[in-house]
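Visitor: To start, I am sharing the structure in question, which I have written as structure tokens.
The values are calculated or read from the model by the stated rules, or taken from the named source; none is laboratory data. Remember, it's a predicted structure, so these values are computed and weren't measured experimentally. A quick note on method: Cβ atoms are made from the backbone with ideal geometry, for glycine too, and the neighbour counts reach across all protein chains shown. The area values use the complete protein model at the heavy-atom level, side chains included, leaving out ligands, DNA and RNA. Shrake-Rupley method; radii C 1.70, N 1.55, O 1.52, S 1.80 Å.
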Amino acid sequence: MSRQDFRRANLVGTSFFASKLVQCNFSGAKLSGANLNGAWLMGTDFSGADLSRASLLSVVILGGEVTARPSFRNANLSGARIIAELDGADLSHANLSKARLGVNIRNQGMGQMRTNLIKANLEGADLSEADLNRTLLRFANLKDANLRGADLYRADLSGADLTGADVTGANLEEANVDGTIFKGVRGLDSAKGFDRAENRDNAKF
């Protein structure tokens, strides 16, 4: 389906498995626990939607143009399971607390996939206690993001901007911080494994 209007609709627990949701409007919709695995999300608007505990595994986003990227601005993705190509997506001010975007090393098939948030906009996002292990966050905008207690083990943060972010208690062990901007970052002294992060000498403080 294309260009369908689901604004503020109650779609709690609905399955959109492998559905084509091209340029659909889900802004403000209730999608808690929804199944969006394998769905096509080109240009789909989830701004302000409730996607808490939803599943977004292997979603399809074709095309490099900005209009093809879905928007999750101000969306609630707390506790969601996400393995997807979301490079360049707008997740600014989204709630991703306790969301699971990292690799599940116990699942070999899923273990071969990594969430791609390269150049994504995560400014002001709540990523507290989120699982971001091995996630691709190169050149992502993480300004003022809440990363308290987040697991960034082996995450690729090269070139990412964490200006003003809070990393209190976050796990940065073996994370790639080549060119990462840490200006005004809070809680870095309490971050775990930062002494074992890769390319620390090239980070910007």
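Visitor: Spelling out what I want: for every residue of segment 192-205, take phi, set θ = phi - 60°, compute 6.51 cos²θ - 1.76 cosθ + 1.60 (Karplus), and round to whole Hz; glycine and proline get x.
Guide: Result, rounded to whole Hz: 7, x, 5, 5, 10, 5, 7, 6, 4, 5, 9, 6, 10, 10.
Visitor: Relative contact order, percent, of segment 97-205 when contacts are C-alpha pairs under 8 Å separated by at least 6 residues?
Guide: Numbers: 347 pairs, mean separation 21.1, N = 109.
Result for segment 97-205 is 19 percent.
Visitor: Mind checking the per residue accessible area of the chain for me, 1.4 Å probe, whole number of Å²? Working shown, then result.
Guide: On the way: 9120 Å² over 205 residues.
For the chain, the solvent-accessible area averages 44 Å² per residue.
Visitor: Pop a pseudo-label 7 angstrom from the Cα along the beta-carbon direction at both N199 and E174 and give the gap in nm to one decimal.
Guide: Taking the two extended label points, one gets 1.7 nm.
Visitor: I would also like to ask the following. Pairs K20/K98; K20/K192; K20/K204; K30/K119: which are spaced more than 32 Å apart, C-alpha to C-alpha?
Guide: Working: K20/K98 28 Å; K20/K192 41 Å; K20/K204 42 Å; K30/K119 27 Å.
Those over the limit are K20/K192; K20/K204.
Visitor: Per the 1.4 Å probe, what fraction of the accessible area of segment 40-183, in percent, lies on carbon and sulfur atoms?
Guide: Working: 2450 of 5430 Å².
Whole-percent figure for carbon plus sulfur exposure: 45.
Visitor: Hey, if you drop one equal point scatterer on each alpha-carbon of segment 121-205 and run the Debye formula without solvent, what base-10 log of I(q)/I(0) do you get at q = 0.12, 0.18, 0.19 Å⁻¹?
Guide: -0.24, -0.59, -0.66
Visitor: I would also like to ask the following. Just need log10 I(q)/I(0) for segment 17-172 at q = 0.14, 0.17 Å⁻¹, Debye formula, equal scatterers on the alpha-carbon atoms, no solvent, rounded to two decimals.
Guide: Normalising to I(0) and taking log10 leaves -0.60, -0.91.
Visitor: Moving to a separate point now. Counting other C-beta atoms within 10 Å, and keeping those with at most 15, which DSSP coil trypsin sites (Lys or Arg not before Pro) do you find in segment 1-88? Walk me through the intermediate numbers first.
Guide: Details: sites: R3, R7, R8, K20, K30, R53, R73, R81; in loops: R3, R7, R8, R53, R73.
Filter output for segment 1-88: R3, R7, R8.
Visitor: Run the numbers on segment 126-170 and let me know its relative contact order in percent, using alpha-carbon pairs under 8 Å that are six or more apart.
Guide: Values: 111 pairs, mean separation 20.0, N = 45.
The normalised contact order for segment 126-170 reaches 45 percent.
Visitor: Express the C-alpha Rg of segment 161-205 as a ratio against the empirical globular expectation 2.2 N^0.38 Å, rounded to two decimals. Present the calculation step by step, with values, prior to reporting the outcome.
Guide: Values: Rg = 9.3 Å, N = 45, 2.2 N^0.38 = 9.3 Å.
Taking N as the residue count of segment 161-205, the ratio is 0.99.
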